[in-house]
Amino acid sequence: MSITIPMLTVFPQLDEEIITLTNKNGMTIKLSNYGATWLSCVIPIAGVAREMLLGCASLAEYKQQTAYLGATVGRYANRIANAMFNITGKQYMLTANQGKNQLHGGISGFDKRLWSIQNCSSEQVTFCLVSPDGEEGFPGKLTVAVTYQLTSDNSVSIQFMANTNKATPVNLTNHAYFNLDGDSAHSDEESRYCDARLQSLQIHADHYLLVDADGIPTGDLMPVMQHDMDLRQPKRLIDHFWESHARRQTSGYDHTYLLHKKQPIAATLTSADGTVAMDVITSLPALHVYSGNFLQGTPNRWGGAYQNFAGIALEAQFLPDSPNHPEWPQPSCFLHPHQTYQHEICYRFHSKT
Ligand code: BGC
């Protein structure tokens with residue numbers, strides 16, 4: 001990755017904007033600087049435009065929903081137990097926004113911030129944000145840049161960069177929900193049958209993290225065979241869904257897989273109709289799978305609301321609660337002054353028609 005974080009010395013008055021990127025294959029993605037959010041991803045499949053992402057009808061609805069649809073999540077994606085961690089013996093207390101724990105960066109995480117727009121072209125855009133020292137309890141002023149790039153091979157590459165002036169945990173991800181069979185208008189009655197768990201998913205991971213009913217890791221990295229969480233071969237997500245103790249515990253998939261270090265592709269999601277597949281390629285050590293267990297009531301694109309399981313989020317990230325688990329086999333989630341946080345998540349779409 002070659003971008004550098006632009007110097008943000010002035011803070012201009014920001015407006016909410018929607019940016020459209022297109023490629024030569026007729027693929028179009030839409031993004032907003034509100035939450036550096038991925039709003040839409042339309043690909044022509046056998047000549048018919050298909051929307052791959054869940055989304056809302058207006059930015060006003062994005063602000064109301066609580067599902068983090070397409071948002072950039074930070075400063076620390078996923079949960080930090082007891083909203084607390086230590087750095088060299090000093091304890092930091094964060095804002096708790098899910099019981100006593102912190103989820104997705106706190107009450108006003110990066111998903112709710114208005115980012116500035118830099119370097120916008122027809123193929124890429126960079127969103128920038130400064131998170132002040134102490135925001136949501138995190139130490140250090142963090143300067144963040146997120147670049148979305150649409151490539152000619154139908155990939156959406158998201159590049160994350162950050163610098164800090166004090167040691168701080170950083171875990172940035174994207175929270176898009178995918179339904180590769182198409183996010184389209186249905187009556188409430190029909191929408192019950194738009195179940196994104198009919199898609200197949202393969203994840204190159206031998207271990208996943210066991211969590212309690214609040215989504216807090218118990219500390220144990222389990223072999224994927226335990227509780228039927230094995231996705232090493234493509235599996236229809238709906239199969240034997242409620243038979244797994246791990247899935248019953250969290251009302252569905254809400255689990256993080258530790259990725260194979262040497263496997264270039266982390267995961268592949270395939271539409272139920274078999275016509276579209278999407279590879280997830282990432283430099284991050286883990287992949288969180290969330291099957292949209294609490295999506296019911298989230299405003300959709302057509303004035304209605306989604307049902308549970310309408311989309312699958314595949315969030316590449318550090319393992320949840322990593323600031324409190326230095327023993328886990330992954331790089332440190334702490335960023336120090338003079339280091340640059342630099343990670344990429346690439347979603348590569350293939351049409352099989
Ligand atoms: C979390 C879920 C949560 C969802 C929406 C996911 O990343 O793991 O537990 O319900 O985000 O907030």
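The values are calculated or read from the model by the stated rules, or taken from the named source; none is laboratory data. Only a predicted model underlies this, so the values are computations on that prediction, with no experimental measurement involved. Positions of Cβ are generated from backbone atoms using ideal geometry, with glycine treated the same way; all protein chains shown enter the neighbour counts. Ligands, DNA and RNA are stripped out before the accessible areas are found, and what is left, the full protein with its side chains, is counted by its heavy atoms. Shrake-Rupley method; radii C 1.70, N 1.55, O 1.52, S 1.80 Å.
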Residues of the stretch 21-39 satisfying the condition of being polar (S, T, N, Q), surrounded by fewer than 21 Cβ atoms within 10 Å (Cβ to Cβ) and not in a loop (DSSP other than H, G, I, E, B): 22, 28
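Take residue 297 and tell me if it is open to solvent by 40 Å² or more (accessible area, probe 1.4 Å), within 23 Å of residue 63 (Cα to Cα), modelled with pLDDT of 95 or more and not polar (S, T, N, Q). Quick ask: steps written out before the conclusion?
Numbers: open to solvent by 40 Å² or more (accessible area, probe 1.4 Å): yes; within 23 Å of residue 63 (Cα to Cα): yes; modelled with pLDDT of 95 or more: yes; not polar (S, T, N, Q): yes.
For residue 297, the condition - open to solvent by 40 Å² or more (accessible area, probe 1.4 Å), within 23 Å of residue 63 (Cα to Cα), modelled with pLDDT of 95 or more and not polar (S, T, N, Q) - is met.
Of all the residues that make up the stretch 76-93, how many are more than 15 Å from the ligand (Cβ to nearest atom) and within 21 Å of residue 341 (Cα to Cα)? Let's see the steps before the verdict.
Here is the first cut: in the stretch 76-93, the ones more than 15 Å from the ligand (Cβ to nearest atom) are 82-93.
Those still in the list that are within 21 Å of residue 341 (Cα to Cα) too: 85-88, 92.
Total meeting the criteria: 5.
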Looking only at the stretch 138-173, and only at residues there that are polar (S, T, N, Q) and assigned to a loop (DSSP other than H, G, I, E, B), the one that is nearest to residue 314 (Cα to Cα): 154
Filtered residue count, the stretch 212-238, keeping only those that are open to solvent by less than 50 Å² (accessible area, probe 1.4 Å) and modelled with pLDDT under 95: 1
Of the criteria (1) open to solvent by 30 Å² or more (accessible area, probe 1.4 Å); (2) farther than 16 Å from residue 288 by Cβ, which one residue 199 fails: (1)
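So which residues in the stretch 53-76 are open to solvent by 20 Å² or more (accessible area, probe 1.4 Å) and basic (Lys, Arg)?
Filtering the stretch 53-76 for residues open to solvent by 20 Å² or more (accessible area, probe 1.4 Å) gives 57-61, 63-66, 68.
Residue satisfying the conditions is 63 alone.
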Top-ranked residue of the stretch 130-157 - restricted to ones that are open to solvent by less than 10 Å² (accessible area, probe 1.4 Å) and touching an Asp or Glu at 6+ places or on another chain (Cβ under 7 Å), ranked as farthest from residue 92 (Cα to Cα): 150
Test for residue 247: is it away from the ligand (no atom under 16 Å from the Cβ) and either under 29 Å from residue 220 (Cβ atoms) or within 20 Å of the chain's Cα centre (by Cα) (or both): no
Contacts under 8 angstrom Cβ, first residue in the stretch 312-334 being under 25 Å from residue 269 (Cβ atoms), partner part of a helix (DSSP H, G or I) and more than 12 Å from the ligand (Cβ to nearest atom), 6 or more apart: 312/196; 312/197; 330/322
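Okay, residues lined up against (1) on the phi < 0 side of the Ramachandran plot; (2) of a type in the set (Gly, Ala, Ser); (3) within 16 Å of the ligand (Cβ to nearest atom):
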site: 207; (1), (2), (3): yes, no, no
site: 217; (1), (2), (3): yes, no, yes
site: 237; (1), (2), (3): yes, no, yes
site: 253; (1), (2), (3): yes, no, yes
site: 262; (1), (2), (3): yes, no, no
site: 268; (1), (2), (3): yes, no, no
site: 283; (1), (2), (3): yes, yes, no
site: 287; (1), (2), (3): yes, no, yes
site: 297; (1), (2), (3): no, yes, yes
When residues of the stretch 233-244 are limited to those that are assigned to a helix (DSSP H, G or I) and of a type in the set (A, V, I, L, M, F, W, C), the one nearest to the chain's Cα centre (by Cα): 241
Selected residue (criterion: farthest from the chain's Cα centre (by Cα)) from residues of the stretch 94-113 that are open to solvent by less than 50 Å² (accessible area, probe 1.4 Å) and within 13 Å of the ligand (Cβ to nearest atom): 101
Failed item, numbered, when residue 50 is tested on (1) basic (Lys, Arg); (2) assigned to a helix (DSSP H, G or I); (3) buried (at least 17 other Cβ atoms within 10 Å of the Cβ): (2)
